[in-house]
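As structure tokens, the structure follows; a few thoughts come after it.
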Amino acid sequence: MDRKTGLYIHFPFCVKKCNYCAFLSFNADESVRRDYANALMHEIELAGREFSGQISTIYFGGGTPSIMDVSLMSLIMKAIKRNFDVLPDAEITIEANPGTLGIKDRVVRAKLIAYRSMGINRLSMGVQSMDNVRLHMLGRIHTAENVVRDVTIARELGFDNINLDLIFSVPGESTEDALEDAEKIIALRPEHISCYSLQLEEGTPFYEMAEQGRISEVPDEEDRETYHRIIELLRESGYEHYEISNFARMEGMGRAPGFVSETDAPAWSAEGMAGGNDCSPYRSQHNSLYWSLDNYIGLGLGASGFMDGIRYRNTDDLEEYLRTLADDQLPVMEEMINSAFDNISEAVFTGLRRREGITFEEAGAAYFLNSENSGEEADVTDRDTDLAADELFRKVFSESREEAEEYAAKGLLVIDEQGLRLTEQGVDISNGIMSLFV
Amino acid sequence: MSYLDNIRNFSIIAHIDHGKSTLADRLIEKTGLVDKRDMKEQYLDNMDIERERGITIKLQTTRLSYKAKDGQEYILNLIDTPGHVDFNYEVSRSLAACDGAVLVVDATQGVEAQTLANVYLALDEDLEILPVLNKMDLDSARPDDARAEIEDIIGLDASEAPEISAKTGMGIDEMLEKLVETIPAPQGDPDGRLKALIFDSYYDSYKGVVIYTRIFDGRVKKGDTIRMMNTGKNYEVTEVGYCIPGTVPADELKAGEVGYICGSIKQVADARVGDTITLASAPTDAPLKGYKKAQSMVYCGIFPAEGEKYENVKDALEKLQVNDAAFNFEPENSAALGYGFRCGFLGLLHMDVITERLAREFDLDVITTLPSVVYKVVMKDGTVLDIQNPSNLPNPVDIAHIEEPIVKADIMTPNEFVGSIMSLCQNRRGNMIHMEYLTKTRVQLHYEMPLNEVIYDFFDALKSRTRGYASLDYEFLRYQPAKLVKLDILLNRELIDALSTIVPEEEAMAKGRGICEKLKDIIPRHQFEVPIQAAIGQKIIARETVRAYRKDVLAKCYGGDVSRKKKLLEKQKAGKKRMRQFGTVTVPQEAFTEVLKLDDGR
């Protein structure tokens, strides 16, 4: 299998924490950001020495990478190109939140021009809603007008790959409200839309407000109604539903493909598998790595990585991060060598997030991913290598077979000679299905 | 001067948490006959469960050596006692093996319910009691108050009670000196006929049952044929010795001494606590008084969980029984849970310990059903049935009346909580006998209460209403007629026999409603609606519905999330393992034990 490698760089800074956010981020002044950038460049250098392959995607995520000073970003980008072999056509994304690019048009323009000149070719904007009241409630610092302005300027400057994030099921929001938001986002014709239902995470202001009964979570029934209607709207508007929460614009007009529906599941054939010509060219290449058990190097505070069957995670303590790098050490805090079962299991549950699902071939390849280097040979026998991919799959997951078939009988999961995939209805209860394979 | 003059046989008695085990450890460290290094493994390494809960379940008996200020070397036999009301009988037999007891009172807490209960047990055995004040290293120690309480409540002279800290070792020497002085030497005739008390035993896979014994008269050595006077069984002695701790062989044990006897005995039930050992060739005329067969007070069903083998559970229960004469079980068949076992315990703690050991030591997934007491069901034809499984309750039309066990419950509390305890006991059908002020601020309440009301979560409720200050002691009193009915629970219109309970008629409605509400929270959402109903006979008295779920999906899963998401899925999978399938409804194991814990601290 041709395994790609991506680079994820984390920026744990935000102007202000959103009310629903449980990610690692905080407000920091210029001197902290500078120290961080210096440490990060050192980390890039150290990590670059350990990796000799090519980088096919780069993703600046956060937090809010766009609040980093452009001069620092440019230094970081240079450090990456100096220490890694970045493919010329690499997808390079930055999360640029509306409102953080600048208040004045002039500033937004200057920042975006700088991004382009550094080689950044994809913008991901945390729009979340196009309703100013709801934006305020979410704790966002921008308005719907900012979004329209920032997207317009980006277009003028030639950004031709833009993702907009949308959150639905905000407390108090109806299905109609959510669809209105989606319409307004579609009107901007972004190449990519990520669409999440709001989850109340422990430790967030929203969670506390819900505990105190000040806001109430949207009931599951309503949330699912919204989800499926948004899918319908997006597909009708030409967006391929290619992952549970992700949509990418098709080149042609007409209704875009998506997860197979429970009713026409049996008729669905292998034609629609990954790489087929009904795939949008705007799928997020970087995020797709996560769902295909490809490699990614994670750099920055609290970042995670996966390299040849080894998962690792950086410290999430800023002091420690800076100190470790000052000592010329990588700030990796945790490292776990996957067993053959870990690999196949991760390949299956992440793969099931995609509309094409997981093929037996991919699952089998994952199973043997690090049988040479992990010291876990014991659970891979010679007999396994002789098995056909689908036989191997059935053997590894023999205990779950019955239950998987029950899901299939209910039209929630498709199992055919190629592999397994969720139906659109199966997505709603996908945790239950995925848990059969861990 | 006889060798007996240099022996002291004693126990340490205390309320839970007052520092009994710490003191025992300290004594062994100071005067024990084993290396400190070995001691760690041999003595301190009790069962995990004991350590976590801070209670002693299995006895530890230890021989200590102390050189007193009078220049004499004394053998001190420390006979440990279990620290919980469930094991009152064992406590009393341990005490019967002693000539005195060290009463440990926490100087920060004063006298508690179990302090009293244990003192009374010790007084019943005619023991000399040496009070000591523990935890004197703490700033919150108030020795004068504790001393006054000992004198006022128990009536012991505490003016010279040693002030110690078992934790730091402070005052231990003074205490030992006082112990030798206060506690009398044992009496007995080494040349008389053998009369020895079994106060504990355990199963050893090499030696068979190891009996802990106190010799009152006569002597015993390897090769003797001994007889258990109550069970009438004879065994040839293969080894005798001292517990130092562990087992160290000796030539013989004689009157006044404490030690162990082995005789190729296959299970502890053949060497029952309280039984008298004598020689088959020259038996003593009468056994020691006080022998009782352990009686189960609380029963529950234990069933293999989904995917667990019946045989594995059976093997584990058998292994536990070999070592625990108070635990018994028999096969049971439940329509809902399949084949399993009905198990009898001394009390709730005993039950908790056994079920936890099944999980920890045997790595078994089991489902425990609601605990139940033994009801006496008097039939119209005059026969009396013992019913401990609600499902076996005969048809109500054939029943004349039902009797339930009543306990005498003594609750000791600071006076500020009296009102709240009284309302709790009232709710639990308690009948107050009287109330007394032990001191200005400490009150003892005496109640008669159905055991059934005590076994669920009474202790937790008591603790939560009194911020942990109240203490409880109870013992069986009598059987008493009561108006009781069987309350059934139906899931998705199917009767789940393992959830049936016997409840007072006037409370059936409230209990039914409570159980349905509780189950609604416990039973996970399914892909369809699950009605939960409570019924008496054919009549539905309460109903709740678990709504169908529509959503179980994680919206995001990016790089860092993969591990987190995987843990979540693994947890979900493990959770499912602990559930049980009834038709199409999946019920988590906790439903069977949590469902009757209806007290929310109101």
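The values are calculated or read from the model by the stated rules, or taken from the named source; none is laboratory data. Here the structure is a predicted model, which is why all the values come from computation and not from measurement. No Cβ is skipped: glycine too gets one built from the backbone with ideal geometry, and neighbour counts run over all protein chains shown.
Where residues in segment B:202-236 are outside any strand (DSSP E or B) and touching a residue at least 40 places away in the same chain (Cβ under 8 Å), which of them is nearest to residue B:258 (Cα to Cα)?
B:218
Of all the strands (runs of 3 or more DSSP E) wholly in segment B:456-530, which have at least 2 residues that are of a type outside the set (Val, Ile, Thr) and in contact with a Ser or Thr (Cβ under 9 Å, 6 or more places away or on another chain)?
Because the criterion is at least 2 residues that are of a type outside the set (Val, Ile, Thr) and in contact with a Ser or Thr (Cβ under 9 Å, 6 or more places away or on another chain), the strands (runs of 3 or more DSSP E) in segment B:456-530 that meet it are B:484-491.
Return the residues of segment A:90-111 that are modelled with pLDDT under 95, out of contact with any Gly (no Cβ under 8 Å at 6 or more places or on another chain) and within 30 Å of residue A:230 (Cα to Cα); say none if nothing qualifies.
A:96, A:99, A:100, A:101
All but one of (1) within 23 Å of residue A:140 (Cβ to Cβ); (2) of a type outside the set (Phe, Trp, Tyr); (3) crowded, with 16+ Cβ neighbours inside 10 Å hold for residue A:104, so report the exception by its number.
Of (1) within 23 Å of residue A:140 (Cβ to Cβ); (2) of a type outside the set (Phe, Trp, Tyr); (3) crowded, with 16+ Cβ neighbours inside 10 Å, only one is false for residue A:104: (3).
Given the residues A:98, A:190, which is the only one that is in a loop (DSSP other than H, G, I, E, B) and under 25 Å from residue A:34 (Cα atoms)?
None of the other options fit; the residue is A:98.
With in contact with a Phe, Trp or Tyr (Cβ under 7 Å, 6 or more places away or on another chain) and at pLDDT 95 or above as the only criterion, which of A:138, A:87, A:123 stands out?
A:123
For the structure I just gave you, tell me whether residue B:102 is in contact (Cβ under 8 Å) with a residue 12 or more places away in the chain, assigned to a strand (DSSP E or B) and farther than 30 Å from residue B:228 by Cβ.
So residue B:102 fits the description; yes.
For segment A:237-258, name all the residues that are assigned to a loop (DSSP other than H, G, I, E, B) and within 14 Å of another protein chain (Cβ to nearest Cβ).
Result: A:244, A:245.
Please work out which residue is surrounded by the most Cβ atoms within 10 Å (Cβ to Cβ), limiting yourself to segment A:329-343 and to residues that are under 26 Å from residue A:436 (Cβ atoms) and within 11 Å of chain B (Cβ to nearest Cβ).
Ranking the candidates gives A:342 first.
Determine, yes or no, whether residue A:50 is outside the structural domain of residue A:365 (by TED's automatic domain parsing) and surrounded by fewer than 16 Cβ atoms within 10 Å (Cβ to Cβ).
Considered against the rule, which asks whether it is outside the structural domain of residue A:365 (by TED's automatic domain parsing) and surrounded by fewer than 16 Cβ atoms within 10 Å (Cβ to Cβ), residue A:50 comes out as yes.
Among the residues of segment A:309-328, is any away from every other protein chain (no Cβ under 11 Å), over 27 Å from residue A:35 (Cα atoms) and either touching a residue at least 40 places away in the same chain (Cβ under 8 Å) or not aliphatic (A, V, I, L, M) (or both)?
Yes, some residue in segment A:309-328 is away from every other protein chain (no Cβ under 11 Å), over 27 Å from residue A:35 (Cα atoms) and either touching a residue at least 40 places away in the same chain (Cβ under 8 Å) or not aliphatic (A, V, I, L, M) (or both).
Answer yes or no: is there a residue in segment B:167-179 that is assigned to a loop (DSSP other than H, G, I, E, B), buried (at least 16 other Cβ atoms within 10 Å of the Cβ) and assigned by TED's automatic domain parsing to the domain that holds residue B:124.
Yes, segment B:167-179 has at least one match.
Anything in segment A:89-103 that is β-branched (Val, Ile, Thr) and either closer than 21 Å to residue A:296 by Cα or outside the structural domain of residue A:144 (by TED's automatic domain parsing) (or both)? List them, or say none.
Listed by number, the residues that qualify are A:92, A:93, A:94.
If you take just the strands (runs of 3 or more DSSP E) that sit entirely in segment B:309-377, which of them hold at least 1 residues that are crowded, with 20+ Cβ neighbours inside 10 Å and not β-branched (Val, Ile, Thr)?
Hits in segment B:309-377: B:328-334, B:338-345.
Within segment A:417-438, restricting attention to residues that are among the β-branched types (Val, Ile, Thr) and touching a Gly at 6+ places or on another chain (Cβ under 7 Å), which residue is farthest from residue B:551 (Cα to Cα)?
My answer is A:423.
Consider residue B:392 carefully, then state whether it is surrounded by fewer than 20 Cβ atoms within 10 Å (Cβ to Cβ) and closer than 18 Å to residue B:497 by Cβ.
The answer is yes for residue B:392.
Please pick out the residue among B:576, B:511, B:518 that is crowded, with 17+ Cβ neighbours inside 10 Å and either facing chain A (nearest Cβ under 8 Å) or among the aliphatic types (A, V, I, L, M) (or both).
None of the other options fit; the residue is B:576.
State which residue is farthest from the other protein chains (Cβ to nearest Cβ) when the search covers only segment B:542-571 and only residues that are surrounded by fewer than 17 Cβ atoms within 10 Å (Cβ to Cβ) and closer than 30 Å to residue B:512 by Cα.
B:543
Of all the residues that make up segment B:466-485, how many are of a type in the set (D, E, K, R) and surrounded by 19 or more Cβ atoms within 10 Å (Cβ to Cβ)?
1
Do we find a residue being modelled with pLDDT of 95 or more and assigned to a helix (DSSP H, G or I) anywhere in segment A:162-176?
Yes, the conditions are met somewhere in segment A:162-176.
Would segment A:13-21 turn up any residue that is over 26 Å from residue A:284 (Cα atoms) and in a helix (DSSP H, G or I)?
no
Kindly establish whether residue A:7 is surrounded by fewer than 19 Cβ atoms within 10 Å (Cβ to Cβ), within 14 Å of chain B (Cβ to nearest Cβ) and not β-branched (Val, Ile, Thr).
Against the criterion (surrounded by fewer than 19 Cβ atoms within 10 Å (Cβ to Cβ), within 14 Å of chain B (Cβ to nearest Cβ) and not β-branched (Val, Ile, Thr)), residue A:7 does not qualify.
May I ask you to list the residues in segment B:180-201 that are outside any loop (DSSP other than H, G, I, E, B) and acidic (Asp, Glu)?
Selection gives B:181, B:200.
Within segment B:383-416, take every residue that is hydrophobic (A, V, I, L, M, F, W, C) and either under 30 Å from residue B:466 (Cα atoms) or part of a loop (DSSP other than H, G, I, E, B) (or both) and give me the one that is modelled with the highest pLDDT.
Among them, the one singled out is B:406.
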